[in-house]
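I have placed the structure first, in the form of structure tokens, so that the comments after it can refer back to it.
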Amino acid sequence: MPAYLLLLLAVVSRLVPHAPWFNFTAVGGSLLYFGARRSWKEMAIPVVALMATDVALTTAVYHYSFQWQNYVATWAWYGLAMVLGKLLLGRKTTFTRVAAAVVAGPTSFFLISNFAYWLTEQYYPQQLYPHTAAGLLACYTAALPFYGNDIAATTIVAGLAFGLPVLLHRIFPAQPVRAFVRSK
């Protein structure tokens, strides 16, 4: 159940209006947690939920026409984030593994999504970055503030999701940590 609650938090955190500079969502941490705590066959659920959120935001909130091709890299990353969670945190959860996942998740999104944008940008109404090494570097440089916010958001969400059960176990030692962390 906690994995599904975090998925709901991820969706809501994207839909609730917030300042553009803030760009703080629970997506990365939620996907890492879902991947670590749920089965492989359940991983389609967050991808579909977040895909629907992307469509809703694009068409109803931002009033753009929806071009599914612009989202393929993002949708693939949703699955990748859960695979990272499963591989790094599925069998054994330690501070070091959570820290590695918190860095790997947002970093992989930063690298994949910005490269995909730079690569396919000629299909957008306005091309900002030329298809050169300098253009790719400019694309990554422009996205650095969003990367920092993504690292912070993922650290907070994953830190609470994986750390709160350990803290509760320290407060209530009669309960095994497993009682607080397993959602299967």
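The values are calculated or read from the model by the stated rules, or taken from the named source; none is laboratory data. Here the structure is a predicted model, which is why all the values come from computation and not from measurement. No Cβ is skipped: glycine too gets one built from the backbone with ideal geometry, and neighbour counts run over all protein chains shown.
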**Request:** Return a yes/no flag: does the stretch 48-55 have any residue that is modelled with pLDDT under 95 and surrounded by 17 or more Cβ atoms within 10 Å (Cβ to Cβ).
**Result:** no
Just one listed residue, out of ALA142, ALA138, ALA133, ALA153, is within 17 Å of the chain's Cα centre (by Cα) and at negative phi, and it is ALA153
Those helices (runs of 4 or more DSSP H) completely within the stretch 70-184 that have 2 or more residues that are of a type in the set (Ser, Thr, Tyr) and modelled with pLDDT of 95 or more are 72-89, 95-120, 133-142, 144-171
| query | Yes or no: TYR4 in contact with a Ser or Thr (Cβ under 8 Å, 6 or more places away or on another chain) and outside any helix (DSSP H, G or I)? | reply | no
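For every residue, the table says whether it meets (1) among the β-branched types (Val, Ile, Thr); (2) farther than 18 Å from LEU111 by Cβ; (3) in contact with a His (Cβ under 8 Å, 6 or more places away or on another chain); (4) free of Cβ contacts under 8 Å to residues at least 12 places away in the same chain.
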site	(1), (2), (3), (4)
LEU6	no, yes, no, no
ARG38	no, yes, no, no
ALA49	no, yes, no, no
THR53	yes, yes, no, no
LEU57	no, yes, no, no
ALA60	no, yes, no, yes
SER65	no, yes, no, yes
THR74	yes, no, no, no
By residue number, the members of the stretch 41-64 that are hydroxyl-bearing (Ser, Thr, Tyr) and under 13 Å from LEU15 (Cα atoms) are THR53, THR58, THR59, TYR62
(request) Check the stretch 31-52 and report whether any residue there is part of a helix (DSSP H, G or I), more than 12 Å from the chain's Cα centre (by Cα) and farther than 30 Å from THR94 by Cα. (result) yes
